[in-house]
Amino acid sequence: MSTPASPVLSDEINTYIANRIGFIELERPKALNALSTGMIRAMHAALEIWREDPDVLAVVVRSQHARAFCAGGDIRFLYESVQRGDEAARDTFFTEEYRLNHTIFTYPKPYIALMNGVVMGGGMGISQGAHRTGGLRVVTGSTRMAMPETRIGLFPDVGAGWFLARTPGALGRYLAVTGETIGAADALYAGLADAYIDDAALPALIDTLRREGFERGSQVVECIARETAAHKVVPTPDTSSLADTRALIDRHFALPDMPQILASLDAERDCEAAEWAEQTVGVLRERSPLSMAVSLEVVTRAEATMADVLRRDLDLTRTSFEHGDVVEGIRARIIDKDNAPNWRFARIEDVRADDVAKMFESPWTLAEHPLRDLQG
């Protein structure tokens, strides 16, 4: 027996209760489940209803589509809002998205994210918080995870900086700056996932969740942990690509700023390491110099609460669209696809500390901030 949950209707999302589990299914496959404002509102509404519902023990968010869990926010919509001068639509999108991220992070019931296919940007925002709820972040063989924002002149938002700051060594700094895409084993190694299951086993897992008897949310989590324990990721987390390059990543990306990181990579002389360093420099030279510097600072400043991180993310979206590279980055990578962005700064070495500091200036006082009421 399934019952609908959300009074906020969206044909891009399906929310219902089955077997005392609240299911959220993303249904925008042509856009790789990129989040629209309507999807964000429908998710948030369902979670608020289920928060107090004793018949909902846990929440599962998933995609039935093989290519993607969620590829991020609706970048094209954000670009079009700039073209028509609609700052309010942009503020509304990010404010509501970050409220949803915070709701997930602080949710009182186990929240489980089944993260197959593309999991990027906003997809991280609706999955990573599961770790804080007693739930699980489950990856599969098809998982392709990233915070690729520096490629379009943005920064790792949706509170991802909080999680990146808590990865081992300098991994979070590396992932934030390069926007590198990682697989299931890498995600497990970095602490950005909790369990692995083969893609082919997902339907059977859902069937089990629909029929097994549950009295507590923790039993839903135990069921998923039991089912996933039968699956082994290859390569193993400790032999993953990130694990193999961890020493190099720590050596270079633990340095305090982008010019020093770049100089250190350029100076790498060990034969095998030099090839990796050269490839990494090539990636960095393609990214927005300003957004890389901002992204590094986002991770550095993420020691505070998630509420503080999300408030700062909202500040940065304003300055990134007004004074940063994101409009040009979206144009070059998504709209015109010429892959020739004219970044605000030509070289990493040209970005000064005060240029970065200005990006973190909030357009609101704390009393006026749209996310002023968030706590924790």
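The set of residues in segment 181-227 that are touching a residue at least 40 places away in the same chain (Cβ under 8 Å), charged (D, E, K, R) and farther than 15 Å from Ala58 by Cα comprises Asp186, Asp194, Asp198, Asp199.
Taking segment 196-238 on its own, how many of its residues are more than 24 Å from the chain's Cα centre (by Cα) and among the polar types (S, T, N, Q)? Final tally of qualifying residues: 3. Being at pLDDT 95 or above and polar (S, T, N, Q) is the filter; apply it to segment 1-35 and report the residue that is farthest from the chain's Cα centre (by Cα). Ranking the qualifying residues of segment 1-35, first place goes to Asn19.
Glu268 passes every criterion in (1) in a loop (DSSP other than H, G, I, E, B); (2) surrounded by 21 or more Cβ atoms within 10 Å (Cβ to Cβ) apart from (2). One residue alone among Glu278, Glu297 is surrounded by fewer than 22 Cβ atoms within 10 Å (Cβ to Cβ), at pLDDT 95 or above, of a type in the set (D, E, K, R) and assigned to a helix (DSSP H, G or I), and that residue is Glu278.
Based on this model, can you work out whether Trp364 counts as outside the structural domain of Glu149 (by TED's automatic domain parsing), outside any helix (DSSP H, G or I) and surrounded by 13 or more Cβ atoms within 10 Å (Cβ to Cβ)? The answer is yes for Trp364. Selection of segment 213-242 for residues being in contact with a Phe, Trp or Tyr (Cβ under 8 Å, 6 or more places away or on another chain) and either crowded, with 19+ Cβ neighbours inside 10 Å or over 19 Å from Thr167 (Cα atoms) (or both) yields Val220, Cys223, Thr228, His231, Lys232, Val233, Ser240, Leu242. In a residue-by-residue description of segment 73-89, the property of being at pLDDT 95 or above and touching a Leu at 6+ places or on another chain (Cβ under 7 Å) applies to no position.
The values are calculated or read from the model by the stated rules, or taken from the named source; none is laboratory data. All values reported here derive from a predicted model rather than from experimental measurement. Note that we place each Cβ from the backbone using ideal geometry, even for glycine, and neighbour counts take in every protein chain shown.
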